[in-house]
1. May I ask which of Lys56/Lys142; Lys77/Lys142; Lys107/Lys152; Lys77/Lys115 have a Cα-Cα span longer than 25 Å here?
2. Which percent of Cα pairs goes in each bin when the distances of the range 27-76 are cut into 5 angstrom slices starting at zero?
3. Could I have the simple spin-label model distance between Thr111 and Ser149, label points 7 Å from Cα toward Cβ, reported in nm to one decimal?
4. Which percent of the accessible heavy-atom area of the range 122-168 goes to carbon and sulfur, probe 1.4 angstrom?
5. According to the Kirkwood expression over distinct Cα-Cα pairs, how big is the hydrodynamic radius of the range 59-124, in Å?
6. Cut-off 10 angstrom, C-alpha nodes, Gaussian network model of the chain. Which of Asp125, Asp68, Asp34 fluctuates the most?
7. Please work out the C-alpha center-to-center distance from the range 49-110 to the range 148-168 and express it in whole Å.
8. What are the principal axis extents of the Cα atoms in the range 1-100, in Å, biggest first?
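The values are calculated or read from the model by the stated rules, or taken from the named source; none is laboratory data. Everything numeric here is computed off the predicted structure, so don't read it as measured data. In this analysis, Cβ positions are derived from the backbone assuming ideal geometry, glycine residues included, and neighbour counts consider all displayed protein chains. Areas reflect the complete protein model, heavy atoms only, side chains present, ligands, DNA and RNA absent. Shrake-Rupley method; radii C 1.70, N 1.55, O 1.52, S 1.80 Å.
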Amino acid sequence: MAVLEILEFPDPRLRNKAKEVKVVDNSIRKLVDDMLETMYNAPGIGLAATQVNVHKRVVVMDISPDQDQPRVFINPKITPASKETKESQEGCLSVPGFYEPVIRHEKVTVTALDKEGQDFEIDCDELLSVCIQHEVDHLNGKLFVDYLSSLKRQRIKKKLEKQHRQQS
């Protein structure tokens, strides 16, 4: 396994739309393992392949308190399971150090493939619902900052660009 580089906003590669995985093979399973190691190392609770510059529809997450219950979603499709929405604070490994309120569906149903390529469906609420919606947004080239005002988004962009210049 390997820790992969996580792209940071405003990197334009984060805007690429991920392509569907045709076959869950050893290369996809290795990607999943590397993504899990990267996510745990960061540390984070979710990671989309787009964030590590792999434009395939693969998401990993682990919202368990001890981070010992990894979940894998390959080709995830989300269906709102309720009309209710909820605002919650979101952060992102690609937008480090920033947490902002975002409104998401309170409950969603997700269909996907697991690490072995088997179909499954899961009903999600609370943090799992927020996390899967956030990660699927990544697969579609969207970031949580896109839900913010343009002024707030520009401020975050400028701060991160300054940090990147100082690190170079």
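1. Lys107/Lys152, as the Cα separations exceed 25 Å there.
2. 5, 23, 38, 23, 9, 2
3. Placing both labels 7 Å beyond Cα along the Cβ direction yields 4.1 nm.
4. Of the solvent-accessible surface of the range 122-168, carbon and sulfur hold 45 percent.
5. About 13.6 Å, per the Kirkwood formula over Cα pairs.
6. Comparing Asp125, Asp68, Asp34 in the GNM, the peak value goes to Asp68.
7. Between the Cα centre of the range 49-110 and that of the range 148-168, the gap is 22 Å.
8. 39, 33, 31
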